[in-house]
Amino acid sequence: MTDQDQLFHRFGRTYPAGEVLFRDGEPGGEMYVIQSGRVRITKTVRDIEKTLAVLGAGEFFGEMAILNDKPRSATAVVEEDARLLVIDSRTFEAMVTGNTEIALRIIRKLARRLDAANSLIEVLLYRDPKARVILGLSKQAEQHGQAVEDGILVPVSVAELADQVGLDESLAREVFDRLERSAMVREVDGGWIVRDIPRLQEFLEFLEMKEKYGDL
């Protein structure tokens, strides 16, 4: 039996796609580690549901309710049939205090999430939808991109990115179509390939100048 199988035997549960693991505002005494599948983390702001993250194997979530003893700050829904480790507060504390490697991994994950939150704030400061999409795509490439033969594969859909940057999907699609016509990106199964990151960055810089100074 592998280490993952042993952990699943002790703490594992399976969840079908569509199941709500917890809702924003509920009390929480457990955290989750994803062994397989995907989980979407969302938050409703002014009656509009926004996707904060879509997490896959190896990711964990729900730990903040354990760390600060406060209600859940977001909603978690199973996006794709998942095998999850469900860790209660006592087990979590024992893991952290008894294993330095686990503690360091959690600290690194929390730091990356803080960086991601700061990045999202940076994106939302832009009024121009083109700049929002390009910066959002660049951040996704930086955080989740995978090198492929003709560029960087970014595993995000138009709808997911639109949610993240606060735009209607149709408006985000128009921006992606323009980028695709300019050969800067290419749509593939499972996301987009960013074919020319320097050119994408130049386009963003142009849009930043335009937003700051207007038409020159």
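Derivation of every value follows stated rules applied to the coordinates shown; laboratory data play no part. From a predicted model like this one, the values you see are computed outputs, not experimental measurements. Cβ atoms come from the backbone with ideal geometry, glycine included; neighbour counts cover every protein chain shown.
Listing for the model above:
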quantity	calculated
Residue-span extension gain [HIS9 to GLU174] - 0.36 nm each, minus C-alpha spacing	54.7 nm
Karplus-derived 3J(HN,Hα), 6.51/-1.76/1.60, for each residue of region 5-22, Hz, glycine and proline x	5, 5, 4, 5, 4, 7, 10, x, 9, 10, 9, x, 4, x, 6, 8, 7, 6
Packing rank of 66-72, 161-167, where each peptide gets the mean count of other beta carbons within 10 Å, highest leading	161-167, 66-72
